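Down below is the structure, laid out as structure tokens.
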């Protein structure tokens, strides 16, 4: 895919250079060809180093989507993302304060749908049984397993777009919060 994009970009750049050269503007053609090469290289670098551009502010925005706000300072311990054709997976781990941990746990356990489960799963399997999971309403579920307090989000994005599956897990023993995002 990148090779095709590179070939297309170089081809368009070369055609522009050739046209501008024929019109008597070879310098402008060279500048356009060089500029498009630099832009493509920057795009490749951004994709390759996407994880290094992730910030605390990005983490806060993703948590706010599920009404979780961190008031104290926190540390980004780990950030990973992977993608394949049609799939995207992103996870990060935060070291949070004891106060924020208790606030999040209270938010999860005081939810009207809170329950205790034996094991961790993604949103109820019943959502996968519906004829069309691409339309519908946003669903949040709160539960606890032996090691974690968990809040999951399922949000359809419309026909042709992958629904959001996001999970926030707060470790019962430590002060870590794990965020997972899977787009299929």
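The values are calculated or read from the model by the stated rules, or taken from the named source; none is laboratory data. A quick note: this is a predicted structure, and the numbers were derived from the prediction, not measured. Here Cβ is always computed from backbone atoms with ideal geometry, including for glycine, and neighbour counts include all displayed protein chains.
Tabulated data for the structure shown
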read-out: Search result, residues across segment 140-171 that are surrounded by fewer than 19 Cβ atoms within 10 Å (Cβ to Cβ), under 20 Å from residue 118 (Cβ atoms) and within 15 Å of the chain's Cα centre (by Cα); value: none
read-out: Filter result for residue 59 (in the same structural domain as residue 103 (by TED's automatic domain parsing), assigned to a helix (DSSP H, G or I) and either touching a strand residue (DSSP E or B) at 6+ places or on another chain (Cβ under 7 Å) or at pLDDT below 85 (or both)); value: yes
read-out: Every pair of residues 6+ apart whose Cβ atoms lie under 9 Å, when the first sits in segment 52-63 and is surrounded by fewer than 16 Cβ atoms within 10 Å (Cβ to Cβ) while the second is in a helix (DSSP H, G or I); value: 53/46
read-out: Failed item in (1) surrounded by fewer than 14 Cβ atoms within 10 Å (Cβ to Cβ); (2) assigned by TED's automatic domain parsing to the domain that holds residue 93; (3) in a loop (DSSP other than H, G, I, E, B), with residue 24 passing the rest; value: (2)
read-out: Residue satisfying condition, being at pLDDT 80 or above and within 23 Å of residue 71 (Cβ to Cβ), within set 146, 167; value: 167
